[in-house]
Amino acid sequence: MRMVYTGADEEEFIDARQRLLVELDAWSQMRQRVVDPVVAGAMLDFRFERDGLLGRWTRDILRNALLVWFPRKVVLLDPHSSAVLSTVEALMDFFDDADLLDERSEQPAVLRTYLTAIADRFDTAMNEPSNFGLAKFWAVAMAEHGIDPLNEVAAQAFIDRVRRGEVEVDQTLLHDLAYRHYQGDPDAEAAAPSPVFPLASPERLAAEAEVTAVVPQLRRFVEWIGDGRGLAEISAPAEFVAMAKRAGVVRVYRGRLVPVKKAARRLADPVELWRAAVASILGNPVAAEMVTELASEPATIPMLVEMLGGDGGTILRVVARLAEYGLVEIFPAGEEHVEDLLDFAGVDYLDEVPEEERQVVQLLPLGVQAAYELRLAEGEPVLTVDDLATETAEVLFARLAPLDPQVLDEGSATWLRARDPERAIAELSALARRTDDFEHLMLTFRLLARLGGDGVAAIASLRDHSAAGPAATTWLFDAGLIDRSEVAGRERTYSKVDLLAADIRTEGREKALADFASQPRPDQLLFLAGATICGHPSAREVLESVVVAHPDRAVSNAARKALDWLHDEPF
């Protein structure tokens, strides 16, 4: 199963959590272990909120989860350590048995010993009201007065009664918890992952800086100044002159604008000159925030308006200024951006979005560098593509797959260079046997193939694996390494279910089924029949999607029959 959801959509994680809890339930019945699904689900929620690494567990992570996060956020009918920690121990054992523990996790025996050691501290922390978060304080207070916190009307009525003094609560405690809540509680709050900064090489940055509008302008301006010019002679815009002065290439001396002699080296170095100049535009809070936001992903103009405030005209002017400094590029929005345009503009039809705002802004290499340096200066955590070379393959794929394919390609090459081939093959093969993410599986095969004959042999060795086997066989066939006669029908169907399930989760049912629906109807019907017997765990999900979203009623009805047959199977 996929175990890395750093930066993933919450809906994507919720689906994964449900699959994990189903597997945990089956495991607990076989092992005769008592598991509270609420506790197990809360532990997974904690890991998603912190960094999305569901399979990475250490004593420090358990301490933060059980002695800080649980007391702040989790309301349990039976919060005693024996009930909670036994479930947590079972969850760790399940991860170990299913080979789902991250390689950076501590040994299960170490984790079990730690859980035993903190039992008393957990009980104390869970029962100390000063450890509660603000939402938990109100939930507990309501429960004590027989109010269901999930009943919004009743909950609001209870809060109103407290404010009127009709119900007593510990006002000092409430004040302290509210203060901590609004000041920020980093040990218990969700932590946004650092964007990955694909930093360009010094040579690339120099080439990019040379072709900005501002670097040549500064050089020409200093050249025109010569030994100095009277202030009355200066016709350049005041804003430009102020920027040149802040960049340290000119200064005012006895009523004249003169060059700064020691700036000769700066003028000769395009990146140093750009960096000195860009400080002016990044001194604008809106411009700096825009660059920081764009480090996560490109954005449409309406999205930037939503994030930064103001109006479309203001945002477009800031974008134009950033473009002068080589930080961003702007291009017309494509079909894939229409939904985003409508959502953030708050309209129903594309024609209602001003034409000049139907555009997308994304960072250029200099913009990525600027965003990285801004985050560094603010003391925020930063992550570069090179940093991912020391991470696991699954973390690498989860963080880089959403980025530009070239970034993924370069990051993968760096990851491979950071370890010897034997270790890389072992790690990639283990991920291929475990993951249920089709994209990650294909990336695994791609990296294995880069390792030459040994890597291809590792792919071939996966052909007998129950989950990875069909995809490995199909990959080998597509690469021309095996004949069609060696590919069984089940394997082709299994791989197709893999692909459709992945597309449904990432693109939605209708878009994912568009290509499938364009195939000849007999081929679609044959696939539906095969999907019921191929043994893929996502077959039911795919068939349900075809029933709901396929435009052809005949195919939809066939999927419904296949789904009925699948439900009737004793397996």
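The values are calculated or read from the model by the stated rules, or taken from the named source; none is laboratory data. Quantities reported herein were computed from a predicted structural model and do not represent experimental measurements. Quick reminder, even Gly has a Cβ in these numbers, built from the backbone with ideal geometry, and neighbours come from all protein chains shown. SASA here: full protein model, heavy atoms, side chains in, ligands and nucleic acids out. Shrake-Rupley method; radii C 1.70, N 1.55, O 1.52, S 1.80 Å.
Quick notes
- Asp454 being over 22 Å from the mean Cα position of the chain (by Cα), open to solvent by 60 Å² or more (accessible area, probe 1.4 Å) and of a type in the set (Asp, Glu): yes
- Failed item, numbered, when Ser130 is tested on (1) under 30 Å from Ala26 (Cβ atoms); (2) polar (S, T, N, Q); (3) open to solvent by less than 80 Å² (accessible area, probe 1.4 Å): (1)
- Subset of region 29-41 that is open to solvent by 10 Å² or more (accessible area, probe 1.4 Å) and in a helix (DSSP H, G or I) - its residue that is farthest from Ala65 (Cα to Cα): Met30
Yes/no per residue for (1) in a helix (DSSP H, G or I); (2) farther than 30 Å from Val169 by Cα:
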residue	(1), (2)
Glu103	no, yes
Val110	yes, yes
Thr116	yes, yes
Asp120	yes, no
Ala125	yes, no
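- Taken over region 497-543, the criterion of being among the β-branched types (Val, Ile, Thr), open to solvent by 60 Å² or more (accessible area, probe 1.4 Å) and within 17 Å of Glu12 (Cα to Cα) is satisfied by Thr506 alone.
- The helices (runs of 4 or more DSSP H) located wholly in region 192-294 that include 1 or more residues which are within 30 Å of Thr414 (Cβ to Cβ) and of a type outside the set (Val, Ile, Thr) occupy 202-210, 270-282, 285-294.
- Among (1) at pLDDT below 95; (2) open to solvent by 30 Å² or more (accessible area, probe 1.4 Å), the one test that Arg59 misses: (1)
- Boolean, Arg47 is at pLDDT 95 or above and open to solvent by less than 40 Å² (accessible area, probe 1.4 Å): yes
- So Asp99, is it at pLDDT below 95, over 28 Å from the mean Cα position of the chain (by Cα) and charged (D, E, K, R): no
- Some residue of region 141-162 being surrounded by 10 or more Cβ atoms within 10 Å (Cβ to Cβ), free of Cβ contacts under 8 Å to residues at least 60 places away in the same chain, among the polar types (S, T, N, Q) and assigned to a loop (DSSP other than H, G, I, E, B): yes
- Pick from region 319-333, criterion open to solvent by 20 Å² or more (accessible area, probe 1.4 Å) and of a type in the set (A, V, I, L, M, F, W, C), ranking: farthest from Glu272 (Cα to Cα): Ala333
- Sole residue being modelled with pLDDT of 85 or more, in contact with a helix residue (DSSP H, G or I) (Cβ under 9 Å, 6 or more places away or on another chain) and among the aliphatic types (A, V, I, L, M), chosen from Ala157, Ala190, Ala206, Ala143: Ala206
- Of the criteria (1) open to solvent by less than 10 Å² (accessible area, probe 1.4 Å); (2) touching a strand residue (DSSP E or B) at 6+ places or on another chain (Cβ under 7 Å), which one Leu53 fails: (1)
- The set of residues in region 373-393 that are surrounded by 15 or more Cβ atoms within 10 Å (Cβ to Cβ) and among the aliphatic types (A, V, I, L, M) comprises Leu374, Val382, Leu383, Val385, Leu388, Ala389, Ala393.
- Test for Arg423: is it under 22 Å from Leu101 (Cα atoms) and part of a helix (DSSP H, G or I): yes
- Arg180, sole failed condition from (1) part of a helix (DSSP H, G or I); (2) touching a strand residue (DSSP E or B) at 6+ places or on another chain (Cβ under 9 Å); (3) open to solvent by less than 80 Å² (accessible area, probe 1.4 Å): (2)
- The residue list Arg50, Arg63, Arg104, Arg72 contains one member that is touching a Gly at 6+ places or on another chain (Cβ under 7 Å) and farther than 17 Å from Val35 by Cα, which is Arg72.
Listed here are the residues, each with its yes/no results for (1) farther than 27 Å from Glu378 by Cα; (2) in contact with a Gly (Cβ under 8 Å, 6 or more places away or on another chain); (3) open to solvent by 30 Å² or more (accessible area, probe 1.4 Å).
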{"residue": "Phe221", "(1), (2), (3)": "yes, no, no"}
{"residue": "Pro237", "(1), (2), (3)": "yes, no, yes"}
{"residue": "Gly248", "(1), (2), (3)": "no, no, no"}
{"residue": "Arg251", "(1), (2), (3)": "yes, no, yes"}
{"residue": "Leu273", "(1), (2), (3)": "no, no, no"}
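- The residue that is nearest to Val4 (Cα to Cα), counting only those in region 403-420 that are touching a residue at least 60 places away in the same chain (Cβ under 8 Å) and assigned to a helix (DSSP H, G or I), is Gly411.
- Which listed residue is surrounded by 15 or more Cβ atoms within 10 Å (Cβ to Cβ), touching a helix residue (DSSP H, G or I) at 6+ places or on another chain (Cβ under 8 Å), of a type in the set (Phe, Trp, Tyr) and at pLDDT 85 or above, from Phe438, Phe445: Phe445
- Selection status of Ser194, open to solvent by 30 Å² or more (accessible area, probe 1.4 Å), of a type in the set (Ser, Thr, Tyr), within 27 Å of the chain's Cα centre (by Cα) and closer than 30 Å to Ala276 by Cβ: no
- In region 76-101, the residues that are open to solvent by less than 30 Å² (accessible area, probe 1.4 Å) and in a helix (DSSP H, G or I): Ser81, Val84, Leu85, Thr87, Val88, Ala90, Leu91, Met92, Asp93, Phe94, Phe95
- Boolean, Leu308 is farther than 26 Å from Ala207 by Cβ, surrounded by 15 or more Cβ atoms within 10 Å (Cβ to Cβ) and within 27 Å of the chain's Cα centre (by Cα): yes
- Lone unmet requirement of (1) surrounded by 18 or more Cβ atoms within 10 Å (Cβ to Cβ); (2) over 29 Å from the mean Cα position of the chain (by Cα); (3) within 21 Å of Phe527 (Cα to Cα) for Arg490: (1)
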